[in-house]
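**Q** I have a structure here, written as structure tokens, and I will follow up with some questions on it.
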Amino acid sequence: MTERGKVLITGGTSGLGLELVRLFLDKGFIVVTTGRREIDVSGYEDRFSLYRADFCNLGQTADIFRKICHEHTFDYVIYNAGILSPAEFIKTGDGFELTYQVNFLAHLLANEIIIQHNNSGRTLRIAAVTSMAYRVAAPEYKPVSEPSEYRAWKAYSDSKLYLALMCLQYSEKLARTNIRFFSFDPGIFGSKLYRTQSGIFKMIYQVGVAILRKPTSSARVLSDILMGSEIKNGAVYDVRKRIRKLQEPGFTINKAFWAGALRDIDQFLRK
């Protein structure tokens, strides 16, 4: 099969990410993914690379993405890695609330590194997998730093909104380049994100995952949008390929928050 290009997928060893890996391999792409476990890609070994990355460690994340960008040049990037917020507040070794770091800040860091290495001016399309939860987010535009401030659902919905807004921010910032951004709401499907949960919620989700639809259809829709003839820069698409509203009336992007997020990753960009 003739190679059709090269795609990078974060979190490609389970759930939606694994379906995306398999789909792009079947379509003839060279696929690079990050993850923490081995997967079976029998028959595609010559077109597949796995880099072990832990988004709980921003220094390691930066090193891995610099290595990836040194060894590969991409046509497509999909930011898919993510977690459901744990029931209790967890602070990473870098000093950030876990969900905020894994779902958003690590991808912001990876995005900056990828952009810095795209100095050839070649066409690049970048998609971020958000969630229906972004629609109900009510962010205060500050990372949660104390256990008393933590609410699991809020942490998750805010992180998914930040990820969608990241695509909007960069679509405007890099509008004059050949890089295009969008985010994708994959809808509800069965996955193993419940592994970060505990108690009754984990039990319910483990049962529900067996009856919910598989992520295959969401993966197919995302790949269709990503490789389509035209995308709306900065938009949020859903599983029906509709463009969803991102900003409600009076809703503004907090510039101080974005400046702070960039300061948070700056030390890792300079290493």
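No lab work stands behind these numbers, since they all come straight from the coordinates. Predicted, not measured: the structure shown is a model, and the values here were computed from it. Heads up, the Cβs are rebuilt from the backbone with ideal geometry, glycines too, and the neighbour counts pull from every protein chain shown.
**Q** Of all trypsin sites (Lys or Arg not before Pro) in segment 95-169, which ones are in loop regions per DSSP and have a Cβ with at most 15 other Cβ atoms within 10 Å?
**A** When the trypsin sites (Lys or Arg not before Pro) of segment 95-169 are filtered for loop state and at most 15 Cβ neighbours within 10 Å, R122, R151 remain.
**Q** Between their Cα atoms, which of K160/K232; K91/K255; K67/K91; K67/K241; K27/K91 are more than 29 Å away from each other?
**A** Violating the 29 Å limit, Cα to Cα: K67/K241; K27/K91.
**Q** Looking at the chain, send over the antiparallel percent of its DSSP beta bridges, to the nearest 5.
**A** 10 percent
**Q** Another question, if that's okay. How do T34, T73 line up, fewest other C-beta atoms within 10 Å first?
**A** T73, T34
**Q** Which of the helices in the chain meet the span-like rule: DSSP H, Cα axial reach of 24 Å or more, Kyte-Doolittle mean at least -0.5?
**A** Long hydrophobic helices here: 152-173.
**Q** Hey, another quick one. Which one is right for this structure if percent of Cα pairs over 26 Å apart is calculated from it: (1) 66; (2) 58; (3) 38?
**A** (3)
**Q** Of K255, K232, K91, which has the largest mean-square fluctuation in a 10 Å C-alpha GNM of the chain?
**A** Checking each option, the largest mean-square fluctuation is seen for K255.
**Q** Considering only A87, A62, A155, give the residue with the highest GNM mean-square fluctuation for the chain, with springs between Cα atoms whenever their separation is below 10 Å.
**A** Among A87, A62, A155, the largest GNM mean-square fluctuation belongs to A87.
**Q** Please go through segment 104-158 and write out the GluC sites (Glu not before Pro) that DSSP classes as loop and that have at most 13 other C-beta atoms within 10 Å.
**A** Qualifying residues, ordered by number: E140.
**Q** Could I ask something else about it? Hand me the GluC sites (Glu not before Pro) from segment 1-94 located in a DSSP loop with no more than 14 other Cβ atoms within 10 Å, in residue order please.
**A** Answer by residue number: E3, E38, E88.
**Q** Extension gain E71-H117, at 0.36 nm per residue separation less the Cα-Cα distance, in nm?
**A** Full extension from E71 to H117 adds 15.5 nm.
**Q** What are the residues whose amide H is under 5 Å from the amide H of A81, where those residues sit 5 or more places off or on another chain and H is modelled from the backbone?
**A** When sequence neighbours closer than 5 places are left aside, the close amide H contacts are T10, G11.
**Q** What ranking of D158, D26 emerges when the number of other C-beta atoms within 10 Å of each C-beta is taken as an exposure proxy, fewest first?
**A** Placing the least packed residue first, the sequence is D26, D158.
**Q** Can you give the calculated 222 nm mean residue ellipticity of the chain, where each DSSP H run of n ≥ 4 adds -39,500 (n - 2.57) and the sum is split over every residue, rounded to the nearest 500 deg cm²/dmol?
**A** -11000 deg cm²/dmol
**Q** Could you identify which residue out of N111, N57, N103 has the top mean-square fluctuation in a GNM of the chain using Cα springs shorter than 10 Å?
**A** N57
**Q** Now for a different question. Between R270 and R176, what length comes free when the chain is fully extended (0.36 nm per residue of separation minus the Cα-Cα distance, one decimal in nm)?
**A** Contour length minus Cα-Cα distance gives 31.3 nm.
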